[in-house]
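Notes follow the structure.
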Ligand code: NAD
């Protein structure tokens, strides 16, 4: 079968195989890492407003149990298939390993279009899905911990938690059964924007090495870089916002119903406001519309950020892509055949398994918070402030100079939960990028960042299995 005929899961397998060939692990161990451990597909009924009964198809796939719990989002979309959920579950395994989050990978999905259902029906569907997962032991703080993904958000996560709690009234760690919850339900500050912020950190790290940027004909840093973003949802909107705040210029934005461009830059907040008011990004004042939304992917820019869905960059449009860097915010946006074309063109691809790992990283922090039953910073904030104040006062005495009240406030402030979350995320994203880069520099067979990311993941997962003593 040619690479252009590959399904999403087969595409992930092909990326995996390419990387596995750069390692020396035995075939049995490689196969154990590669395939999905458990696949649960089920159906349940939902009553529509007109009184008819519809049967929905749902999935939960646990790809790897080398670490527990397994972790991965839940997708609500009429395009959900078993193949897609398997691919996304596998990507979760590698993503967690790449950023040193101690979870196996999983993913879930329900095949329906939420836009066509009432809020009440979506709540019923979410709760019923959760009850089915409980019945089969596919959810729990130490077993399998879902999170938001395409078509779901904190509202759905709150329903999942409430349903799980109702079925486990005596479980003290129940809050850890799902992440991406509202703050009042045990969620963590910074989770909503975490994936977009992680994409931004990935872009900032990738562009900070002068010699790497030189090869692409770019200067180092994000300042002044032109950026195109596809998908202005949770991930795309925050990524665009953080890039803009760092001095990058958003020259085009692509949504499902069309795309807009302005070489002088689009203000992301103003576009969001326009979208809220008109229900579309099209006809934004000062910008021009693209006739076909996918034309936006081919627009001249330094960094292209696909942040909508999988399989958007294909063999058809890859030859026309002008970006120097593709920062994969969505899962699986590039097909295997497109990847070959892009690599031959010398385009740098910062892979999804790394670039969008900010969400799972902060989900990990949320899960830790739930298990420890205390907000980050609660025990240390006042103590830190006191120490900083004493230090400032000693410095003032020694130098005979004093700071203004405003300067003192900035310097002595103790860290809040959001500070820990954002600094932990930045540290994670930078370290993981440097690990991939090092792998590429150390092994001549590893020629691109995606392969480097997979090699690092395979090596870490292999160590887990070997330490379990399963493999001689
Ligand atoms: P979302 O539902 O919040 O947003 C998706 C956006 O893409 C929407 O605005 C939608 O209108 C738009 N869209 C749909 N079809 C499009 C098309 N053909 N062209 C352009 N835009 C289109 O979803 P999200 O949570 O932002 O997820 C986006 C991607 O990021 C998915 O691939 C998801 O798996 C991945 N991801 C999400 C998270 C997370 O924390 N939410 C974490 C990791 C990866």
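The values are calculated or read from the model by the stated rules, or taken from the named source; none is laboratory data. Everything numeric here is computed off the predicted structure, so don't read it as measured data. Note: ideal-geometry Cβ built from the backbone for every residue, glycine included; neighbour counts use all protein chains shown.
Structure above, values below:
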read-out	value
Residue 132 vs. criteria in a loop (DSSP other than H, G, I, E, B), at negative phi, more than 16 Å from the ligand (Cβ to nearest atom) and out of contact with any helix residue (DSSP H, G or I) (no Cβ under 9 Å at 6 or more places or on another chain)	no
Positions within region 431-472 being outside any helix (DSSP H, G or I) and within 18 Å of residue 63 (Cβ to Cβ), in sequence order	468, 470
Residue in region 291-301 that is farthest from residue 256 (Cα to Cα), counting only those that are surrounded by 15 or more Cβ atoms within 10 Å (Cβ to Cβ) and either at pLDDT 95 or above or within 11 Å of the ligand (Cβ to nearest atom) (or both)	301
Top-ranked residue of region 85-108 - restricted to ones that are over 20 Å from residue 435 (Cβ atoms) and within 10 Å of the ligand (Cβ to nearest atom), ranked as nearest to the chain's Cα centre (by Cα)	88
Yes/no for residue 192 being within 24 Å of residue 327 (Cα to Cα), surrounded by fewer than 24 Cβ atoms within 10 Å (Cβ to Cβ) and out of contact with any strand residue (DSSP E or B) (no Cβ under 6 Å at 6 or more places or on another chain)	yes
Hits in region 334-359 (condition: part of a strand (DSSP E or B) and either within 16 Å of the ligand (Cβ to nearest atom) or out of contact with any strand residue (DSSP E or B) (no Cβ under 9 Å at 6 or more places or on another chain) (or both))	334, 349, 350
Verdict on residue 309 being more than 11 Å from the ligand (Cβ to nearest atom), assigned to a loop (DSSP other than H, G, I, E, B) and closer than 17 Å to residue 233 by Cα	no
Subset of region 334-354 (residues that are without any contact (Cβ under 8 Å) to a residue 24 or more places away in the chain and crowded, with 20+ Cβ neighbours inside 10 Å)	none
Test for residue 115: is it touching a helix residue (DSSP H, G or I) at 6+ places or on another chain (Cβ under 7 Å) and within 15 Å of the ligand (Cβ to nearest atom)	no
Residues (surrounded by fewer than 21 Cβ atoms within 10 Å (Cβ to Cβ) and in contact with a strand residue (DSSP E or B) (Cβ under 8 Å, 6 or more places away or on another chain)) located in region 138-153	143
Residue within region 4-19 that is within 15 Å of the ligand (Cβ to nearest atom), under 25 Å from the mean Cα position of the chain (by Cα), buried (at least 18 other Cβ atoms within 10 Å of the Cβ) and part of a strand (DSSP E or B) present	no
Test: residue in region 277-286 that is outside any helix (DSSP H, G or I), within 14 Å of the ligand (Cβ to nearest atom) and under 27 Å from residue 183 (Cβ atoms)	no
Qualifying residue in region 143-158 (condition: away from the ligand (no atom under 16 Å from the Cβ) and out of contact with any helix residue (DSSP H, G or I) (no Cβ under 6 Å at 6 or more places or on another chain))	yes
Pick from region 315-333, criterion touching a residue at least 40 places away in the same chain (Cβ under 8 Å) and either in a strand (DSSP E or B) or more than 8 Å from the ligand (Cβ to nearest atom) (or both), ranking: farthest from residue 357 (Cα to Cα)	315
Selected residue (only one of 238, 261 is in contact (Cβ under 8 Å) with a residue 12 or more places away in the chain, in the same structural domain as residue 280 (by TED's automatic domain parsing) and within 22 Å of the chain's Cα centre (by Cα))	238
Test: residue in region 366-376 that is outside the structural domain of residue 314 (by TED's automatic domain parsing), over 18 Å from residue 302 (Cα atoms), within 16 Å of the ligand (Cβ to nearest atom) and in a helix (DSSP H, G or I)	yes
Pairs, first without any contact (Cβ under 8 Å) to a residue 60 or more places away in the chain in region 140-154, second more than 11 Å from the ligand (Cβ to nearest atom), C-beta under 9 Å, six or more apart	154/181; 154/182; 154/183; 154/185; 154/187
